[in-house]
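Below is one structure, written out as structure tokens; the observations come after it.
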Amino acid sequence: MRVLGIDPGTVITGWGVVEVRRGSMRHLASGTIRAGRGEVASRLGFIYAELGAVLVEHVPDAVSLERNFLARNVQSAFRLGEARGVAMAAAAARGVPLSEYTPATIKKCVAGHGGADKAQIQKAVARLLGISQRLAADEADALAAAACHVLRSGFEARVRAASVRQKPAVRLGAVIRARVLG
């Protein structure tokens, strides 16, 4: 499974691709899209095009996106929402399924607690993926989102498998009770 994580922003958008093979997760590629501080529509178009190129080059099976959180001001919340919309549109245009996780969930998955700061996330991602070079904060956040999706997907698959294994036993118990009591 290959996952593209995105840390959306209208000035800097981080992206990172991780791959899982034989139960091992590894870093494939990552970087930042620097849209600058020009007109918002131009920046969003640039981000869309760059994310599209990343999607075409790395062909992920899933996209993992950081979900909105409360911003310091309304204008920041709007801009973040626009960047998230562009990321969603880029994934949808290429037919790649998208999952969203709160910042606290992502931090808890990779660093062990939901209140981790940027430096802790950078260190945790580098350790988790065996990366020796320094990662930009937005790049590390994107890789954290991708790793979170991989880790959560594995956990959820195990829960579903356990649930399927338990259902026949529950049904059998109901049949036995019906015959004994009936």
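The values are calculated or read from the model by the stated rules, or taken from the named source; none is laboratory data. What you see is a predicted model; the values in this text were computed from it and never measured. So basically every Cβ, Gly included, is an ideal-geometry build from the backbone, and we count neighbours across all protein chains shown.
Only one of (1) under 20 Å from GLY9 (Cβ atoms); (2) in a helix (DSSP H, G or I) fails for LEU128. Which number is that?
Of everything listed in (1) under 20 Å from GLY9 (Cβ atoms); (2) in a helix (DSSP H, G or I), LEU128 misses just condition (1).
Do we find a residue being farther than 21 Å from ILE131 by Cα and either in contact with a strand residue (DSSP E or B) (Cβ under 7 Å, 6 or more places away or on another chain) or at pLDDT 95 or above (or both) anywhere in the stretch 16-28? Break it down into steps so the answer makes sense when it comes.
First pass over the stretch 16-28, keeping only residues farther than 21 Å from ILE131 by Cα: none.
Checked against the condition, which is being farther than 21 Å from ILE131 by Cα and either in contact with a strand residue (DSSP E or B) (Cβ under 7 Å, 6 or more places away or on another chain) or at pLDDT 95 or above (or both), the stretch 16-28 yields no hits at all.
Would you please name the residue that is nearest to SER64 (Cα to Cα), looking only at residues in the stretch 106-145 that are surrounded by fewer than 18 Cβ atoms within 10 Å (Cβ to Cβ) and of a type in the set (S, T, N, Q)? Steps first, please.
Filtering the stretch 106-145 down to residues surrounded by fewer than 18 Cβ atoms within 10 Å (Cβ to Cβ) leaves 108, 112-115, 117-120, 123, 126-127, 130, 132-134, 136-137.
From what's left, of a type in the set (S, T, N, Q): 120, 132-133.
Numbers: GLN120: 20, SER132: 23, GLN133: 23 Å.
Going through the qualifying residues, I end up with GLN120.
Residues that are buried (at least 18 other Cβ atoms within 10 Å of the Cβ) and among the hydrophobic types (A, V, I, L, M, F, W, C): which strands (runs of 3 or more DSSP E) entirely in the stretch 1-105 hold 2 or more of them?
Values: elements: 2-7, 12-21, 24-34, 62-66, 98-101.
Passing ranges, in order: 2-7, 12-21, 24-34, 62-66.
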